[in-house]
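Q: Handing you a structure now.
Each reported figure results from applying straightforward, stated rules to the coordinates on display, with no laboratory input. Remember, it's a predicted structure, so these values are computed and weren't measured experimentally. Backbone-built Cβ (ideal geometry, glycine too); neighbour counts: all protein chains shown.
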Amino acid sequence: MTDDPLVALDAGALTAEQVRLVMNELPLDLTFVDEHNVIRYYSEHFRIFKRSPEDIGTDVVECHSPGTRSGVERLLSELASGWRDSAEFLEKKGERLVDVRYAALRDEAGAYRGCLEIASWAE
């Protein structure tokens with residue numbers, strides 16, 4: 001047993017190390033962006049889109065190509081305002097399709113706390 005404090009979750013509790021292990025084992029490309037559009041987390045082991053440690057703490061819009069930045073800004077604004085709770089797109093990467101989903105994250109009071117970008121290979 002470890003002395004690491006537990007992170008209370010809706011259906012159980014895990015240590016920070018256990019959370020890291022679980023997140024890295026998921027077959028998804030995850031990126032968490034806070035309510036200020038700052039990248040706070042990305043999964044390390046299953047990457048579809050390039051991320052680097054330098055991306056942590058930066059504006060997510062800046063990580064996108066110049067031609068897509070206005071669309072990303074609009075989507076983030078729609079998620080933050082509550083106009084949308086989620087969005088899903090298919091994107092071509094090389095010869096494969098990627099299913100990209102965005103989900104607004106809201107606290108118990110309904111305040112926008114950021115969003116999760118979830119990418120996986122489309123079947």
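Q: Segment 1-52: which trypsin sites (Lys or Arg not before Pro) are DSSP loop and have at most 14 other beta-carbon atoms within 10 angstrom?
A: Loop-located and lightly packed - Arg47, Lys50.
Q: Related question: Going by C-beta contacts inside 10 Å, put Trp83, Trp121 in order with the fewest on the left. Write out the running numbers ahead of the final one.
A: Working: Trp83 9, Trp121 14.
The order, fewest Cβ neighbours first, is Trp83, Trp121.
Q: Relative to the first principal axis of the alpha-carbon coordinates of the chain, what is the inclination of helix 69-81, with its axis defined by its Cα atoms, in degrees from 0 to 90 and to the nearest 10?
A: Taking the Cα atoms of the chain, the angle to 69-81 is about 50 degrees.
Q: Where does helix 16-25 land angle-wise versus the long Cα axis of the chain, in degrees 0 to 90, nearest 10?
A: Result, in degrees: 40.
Q: Distance in nm between label sites at His64 and Val22, each 7 Å beyond Cα in the beta-carbon direction?
A: In this crude spin-label approximation the distance works out to 3.0 nm.
Q: Taking R0 as 25 Å, what's the FRET efficiency between Ile48 and Asp4 from their Cβ-Cβ distance, rounded to 0.05?
A: It comes to 0.25.
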